[in-house]
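Here's the structure, in structure tokens; my notes come after.
Please treat every number below as a calculation from the coordinates, not as lab data. Here the structure is a predicted model, which means the values were calculated and not measured. With ideal geometry, Cβ positions are generated from the backbone for all residues, glycine too; neighbour counts draw on all protein chains shown.
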Amino acid sequence: MSGRKKRYWSDEEKREICGQASMPGVSVAQVARRYAVNANLIFKWLKDSRFAPDVIDVAAEPVFLPVELGSEMPGEFDLTPATIEPTPAATPSGRIEIE
């Protein structure tokens, strides 16, 4: 026997660790190193509904948004030759011109 004592994590500590591991941009490995716990154990806790945070995953369920197509708005899509020339306000934001 190695002399190591089995560690005990309270339910509140598990919830806290799982909450930190579920934050956007945070890896489970980072949280595991912070608390000196194996990352696989955190993944096990995350599968348990008692410890996993109540997070709504927006990407998990796609939603269709209503779109209305209709006639053009007055003045909005006037494509006469005078309005085709780009103006500073009409230049797309992803375009950069170097002279």
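Write down the Kirkwood hydrodynamic radius of segment 1-47, to one decimal in angstroms, obtained as one divided by the mean of 1/r over all alpha carbon pairs.
Final number for the Kirkwood radius of segment 1-47 is 11.2 Å.
Do any trypsin sites (Lys or Arg not before Pro) in segment 1-48 lie in a loop, going by DSSP, with at most 16 other beta-carbon atoms within 10 Å of their beta carbon, and if so which?
Taking segment 1-48 and a limit of 16 other Cβ atoms within 10 Å, the loop trypsin sites (Lys or Arg not before Pro) found are Arg4, Lys5, Lys6, Arg7.
What is the calculated FRET efficiency for Ser27 to Asp48, with r their C-beta to C-beta distance and R₀ = 22 Å, to the nearest 0.05?
0.65
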